[in-house]
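The values are calculated or read from the model by the stated rules, or taken from the named source; none is laboratory data. All of these numbers come straight from a predicted model, not from anything done at the bench. Note that we place each Cβ from the backbone using ideal geometry, even for glycine, and neighbour counts take in every protein chain shown.
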Amino acid sequence: MSQEHQPLVPATETREYSVPWSILDSWLGVVLLILVDVILLAIALQGSTAGLAQNAGILIAELAYLLPVVAILAWRGIHWKHLGFGKFDWNTMGLGCGLLIAGYLIILLHNVLLQALGVDTQGDEILEIFNKLESPVWFFLVGAVFAPIVEEIFFRGFLFQGFRQKYGWVNAALLSSAVFAVAHLDPVALIPTFVLGAVLAYVYHRSNSVWPGVILHFLVNAFGLCSAYALSQYPGIIPS
């Protein structure tokens, strides 16, 4: 077989997984994220969660998750386009929705187990926050709009891609989802957040774009927040 007719699959895979930052940069991003989380946790401990959730401070706290990415890309002189803002195949959305349904079955079983053990679920915690809020505007805006964009840029566009080029997409999905879960600083939400992160990482892998993940993340957060808000306003809507 002549050289011009030889398969080029390995070279294609290398280009697909290659990003202009190193695996050390990816782990540096995790370290910086930990520092951001520690600072935000210290600030949150100074006041009430409900107080933070109903003012612009929660927006600043969410945007802080972009600091590691901004710092590393600026340091390396890397253009933001490498994070994955390109076009995508809309069929990926159908795949993502199907995976989310499967993921919700796991989350449902997880929540049933927590309730059987007498432990509050993440939904219970959000409902408690809504019950304390005078206005849910900032909580909705950040949770449904800014969080999906910011978190998809960092955890999938930056972290998953960086891990993928070194460890392969499966290990990258597991690692980035674990960091995604731990970064939310909520023990009862570890498994649900990990499952969501794994679905979104796979969607990114199939599309090489942050946009499908942003859309799916928005749908998940908006549905959860709207459901919790409805329950806080109409506590008898679900018969006990």
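With the requirement that a residue be assigned to a helix (DSSP H, G or I) and under 20 Å from A183 (Cα atoms), what does segment 112-139 give you? Within segment 112-139, Q122, G123, D124, E125, I126, I129, F139 qualify. Taking G213 as the residue in question, decide whether it is more than 28 Å from D120 (Cα to Cα) and part of a helix (DSSP H, G or I). Answer is no for this residue. Among the residues of segment 37-56, some residue qualifies, meaning at least one is assigned to a helix (DSSP H, G or I) and either touching a Phe, Trp or Tyr at 6+ places or on another chain (Cβ under 7 Å) or at pLDDT 95 or above (or both). Checking P20 against (1) part of a helix (DSSP H, G or I); (2) at pLDDT 95 or above: exactly one of these is not met. Which one? Checking P20 against (1) part of a helix (DSSP H, G or I); (2) at pLDDT 95 or above, the one that fails is (1).
When both residues are 6+ apart or on different chains and their Cβ atoms are under 7 Å apart, which pairs have a first residue that lies in segment 118-135 and is farther than 16 Å from N55 by Cα, and a second that is loosely packed, with under 15 Cβ neighbours inside 10 Å? Correct list of pairs: T121/Q115; Q122/D186.
Entry remark, segment 80-111: residues being outside any helix (DSSP H, G or I) and touching a residue at least 24 places away in the same chain (Cβ under 8 Å) number 6 in total. Set side by side, the residues S227, S207, S232 differ, and just one is polar (S, T, N, Q) and buried (at least 21 other Cβ atoms within 10 Å of the Cβ), which is S207.
Looking at segment 198-232 only, could you name the residues that are more than 17 Å from G98 (Cβ to Cβ) and within 12 Å of the chain's Cα centre (by Cα)? Please lay out each step first, then the result.
Taking segment 198-232 and keeping what is more than 17 Å from G98 (Cβ to Cβ), we get 208-211, 214, 218, 221-222, 224-232.
Within segment 198-232, V210, V214, F218, N221 qualify.
One residue is enough: does segment 121-135 have a residue meeting the conditions of a type in the set (G, A, S) and either under 30 Å from L32 (Cα atoms) or touching a helix residue (DSSP H, G or I) at 6+ places or on another chain (Cβ under 9 Å) (or both)? Yes, there is a match, as at least one residue in segment 121-135 is of a type in the set (G, A, S) and either under 30 Å from L32 (Cα atoms) or touching a helix residue (DSSP H, G or I) at 6+ places or on another chain (Cβ under 9 Å) (or both). Among the residues of segment 107-116, the ones that are surrounded by 14 or more Cβ atoms within 10 Å (Cβ to Cβ) and either of a type in the set (V, I, T) or under 25 Å from H205 (Cβ atoms) (or both) come to 2 in all.
Checked against (1) surrounded by fewer than 15 Cβ atoms within 10 Å (Cβ to Cβ); (2) within 13 Å of the chain's Cα centre (by Cα), A147 meets all criteria but (1).
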